Amino acid sequence: MARHVLVAGGAGFIGSLTAQALLDRGDRVTIVDDLSTGSKDVIPQGAAFHEASIGDEVAMTTLLSSADIDACICFAGFIAAGESMSDPGKYFVNNVGATTVLLEALAKAQVQQFVFSSSAAVYGEPLFTPMTETHPTAPTSVYGETKLMVERVLSWMASRGAMRYVALRYFNAAGALEGHREAHQPETHLIPLALAAAKGERPALQVFGTDYPTPDGTCIRDYIHVSDLARAHLAALDVLASGTTELVCNLGTSQGYSVREVISAIEEVTGLSVPHELTSRRPGDPAELVASCDLARDVLGWVPTRSALHDIIRDAWHASSGTTN
């Protein structure tokens, strides 16, 4: 059954792609975004758009009273772990405070189906890998702490009957879809930064830390293609529609790659050298984050299909170069 879905942060990279996937399957989509990090250029045709902050109580109340919304997917939030350590207040105000305003407005409007864009950053340093959803949560960055705090807000709201939710703990979103590339301002993700360095569009890539307890000394991450992420959000909506009250799921591939391995793979795909310089660790970066995805498979019926590292890099490379696969 077609639904009307509010996509908060739908003018961003993953949000806009998920909005398009919703439209493609016949759902109605309304996007709310303050454009502080998003762009009108990526809003898909057919989606209604409201320029507003989710922390604006009046704007959210007005929007929800004028639109028959069935569910909400929330991508709105700042995502740079490094910046969160130097400006923690900015992250608490936006990621926790503004999201809570949205949740209150949704609850008052009796919109009780909510999919939250969370993060593997809630776990902190891994005690074991692959990391299951039962792994202890001990964030090492303010960014991770803000995601965990919203998960706790959601859990309390669910326990009081005010909200039903799925929190999707992304590992590392990457890749591109239909020419739509990562274009964060500023860009903080490894693959687009390395591709830009390879093309000479930016200075040498900085590798933060070479003394981690990993085989080559650099951080290990689990990379997931944005097309697989978009499918997971649709599956999460379907689970909520079937009556699920509360669910937390990892989204990854159960396969990790070090920074050095990603650089090597980029050089193989592009045929270009990636200029890089080694520097000290960045505060808040765990050594290794690799997901166990059994729960997403068993409950959401979701498995990644496009997230092999070379496929992710190839899609990102073609999108950044303006070519087709």
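A short reminder: the numbers here are calculations on the coordinates, not readings from a lab. Computed from a prediction, not measured in an experiment: that's the story for all the values here. Here Cβ is always computed from backbone atoms with ideal geometry, including for glycine, and neighbour counts include all displayed protein chains.
Looking at segment 61-212 from every direction and averaging, what is the projected area of its Cα convex hull in nm²? If I average the Cα hull's projected area over directions, I get 11.7 nm².
In terms of the ratio Rg/(2.2 N^0.38 Å) built on C-alpha atoms, what value belongs to segment 253-316?
Numbers: Rg = 14.9 Å, N = 64, 2.2 N^0.38 = 10.7 Å.
Taking N as the residue count of segment 253-316, the ratio is 1.40.
From the Cα trace of segment 214-288, what convex hull volume per residue do you get, rounded to a whole Å³?
Numbers: hull volume 9.3 nm³, N = 75.
So the per-residue hull volume is 124 Å³.
Per residue, the convex hull spanned by the Cα atoms of the chain measures out at 122 cubic angstrom.
The simple spin-label model puts a point 7 Å past each Cα toward its Cβ; for ALA67 and LEU272 those points are separated by 3.8 nm.
In plain terms, the chain from HIS318 to SER86 could stretch by 80.1 nm, reckoned as 0.36 nm per residue minus the Cα-Cα distance.
Sorting the segments 241-252, 274-285 by their residues' average number of neighbouring beta-carbon atoms within 10 angstrom, most packed first, yields 241-252, 274-285.
Need the full-extension length gain, SER264 to ALA2, defined as separation in residues times 0.36 nm minus the C-alpha distance. One decimal, nm.
Numbers: separation 262, 0.36 × 262 = 94.32 nm, distance 4.39 nm.
Residue separation times 0.36 nm, minus the Cα-Cα distance, leaves 89.9 nm.
In plain terms, the chain from GLN255 to GLU125 could stretch by 45.1 nm, reckoned as 0.36 nm per residue minus the Cα-Cα distance. In a DSSP loop and with at most 16 other Cβ atoms within 10 Å, the trypsin sites (Lys or Arg not before Pro) in segment 115-217 are ARG160, LYS199.
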